1. Restricting to the stretch 67-117, name every residue that is in a loop (DSSP other than H, G, I, E, B), basic (Lys, Arg) and surrounded by 10 or more Cβ atoms within 10 Å (Cβ to Cβ).
2. I'm told residue 90 meets every condition in (1) in contact with a strand residue (DSSP E or B) (Cβ under 7 Å, 6 or more places away or on another chain); (2) at pLDDT below 85; (3) aliphatic (A, V, I, L, M) except one. Can you identify the failing condition by its number?
3. Go through the stretch 36-59 and count every residue that is out of contact with any Lys or Arg (no Cβ under 7 Å at 6 or more places or on another chain), among the polar types (S, T, N, Q) and open to solvent by less than 50 Å² (accessible area, probe 1.4 Å).
4. What's the number of the condition residue 92 fails, among (1) over 25 Å from residue 59 (Cβ atoms); (2) without any contact (Cβ under 8 Å) to a residue 24 or more places away in the chain; (3) within 12 Å of the chain's Cα centre (by Cα)?
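The values are calculated or read from the model by the stated rules, or taken from the named source; none is laboratory data. From a predicted model like this one, the values you see are computed outputs, not experimental measurements. Please note: Cβ atoms are built from the backbone with ideal geometry, for glycine as well, and neighbour counts cover all protein chains shown. Each accessible area value is taken on the protein alone, full model and side chains, heavy atoms only, with ligands, DNA and RNA left out. Shrake-Rupley method; radii C 1.70, N 1.55, O 1.52, S 1.80 Å.
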Amino acid sequence: MKYCQLIFGFLFLIFAGLNAEWIEISENYDKEIFEFDSGDYSNIQVDFNLKGYEKKTIFHKDNDYLKITVPDENRKMEVGKPDLPVYSRLFMIPDEGEVFLQVEYGTVELIENVELFPVQDYDDKEIGSDQDLILDQ
């Protein structure tokens, strides 16, 4: 009996991994996710370089949900809200410093007409077909 459970569990893990797709951003392959450049103390540049992300489709009650994850990064943990990666780093600005923020971006991939998988109060691998998802749009 345990042998059958072990085989079933192994097959489930293989199948669960098959519907996930790694999307690599090749231009950021050899870069750190956050790079700090401070030529002098009056100017600090922070570069965000996403190396890639995992895109996974979760089928539940006749709906397709998209789940995006990034290894080793946090996830938004508000139950019912879209389950998306969260990036945070802490750096100090001197008291006499002045903050100016400028956001520039390069390559953009727009994913349209999808429903993002919502954060649940349990692991999404435990979702039963008869369970309702907690949604807080």
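1. In the first step, residues of the stretch 67-117 are kept if they are in a loop (DSSP other than H, G, I, E, B); the result is 70-73, 76-81, 83-84, 87-114, 117.
Still in the list and also basic (Lys, Arg): 76, 81, 89.
Of everything in the stretch 67-117, those that are in a loop (DSSP other than H, G, I, E, B), basic (Lys, Arg) and surrounded by 10 or more Cβ atoms within 10 Å (Cβ to Cβ) turn out to be 76, 81.
2. (1)
3. Just the residues of the stretch 36-59 that are out of contact with any Lys or Arg (no Cβ under 7 Å at 6 or more places or on another chain), to begin with: 36-48, 50-55, 57, 59.
Checking the rest, the ones that are also among the polar types (S, T, N, Q) come to 38, 42-43, 45, 57.
After this cut, where a residue has to be open to solvent by less than 50 Å² (accessible area, probe 1.4 Å) as well, the list is 57.
Counting residues in the stretch 36-59 that are out of contact with any Lys or Arg (no Cβ under 7 Å at 6 or more places or on another chain), among the polar types (S, T, N, Q) and open to solvent by less than 50 Å² (accessible area, probe 1.4 Å) gives 1.
4. Tallying (1) over 25 Å from residue 59 (Cβ atoms); (2) without any contact (Cβ under 8 Å) to a residue 24 or more places away in the chain; (3) within 12 Å of the chain's Cα centre (by Cα), residue 92 fails exactly one: (3).
Conditions tested, residue by residue: (1) out of contact with any strand residue (DSSP E or B) (no Cβ under 7 Å at 6 or more places or on another chain); (2) among the charged types (D, E, K, R).
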{"position": "60", "(1), (2)": "yes, no"}
{"position": "66", "(1), (2)": "no, no"}
{"position": "104", "(1), (2)": "yes, yes"}
{"position": "110", "(1), (2)": "yes, no"}
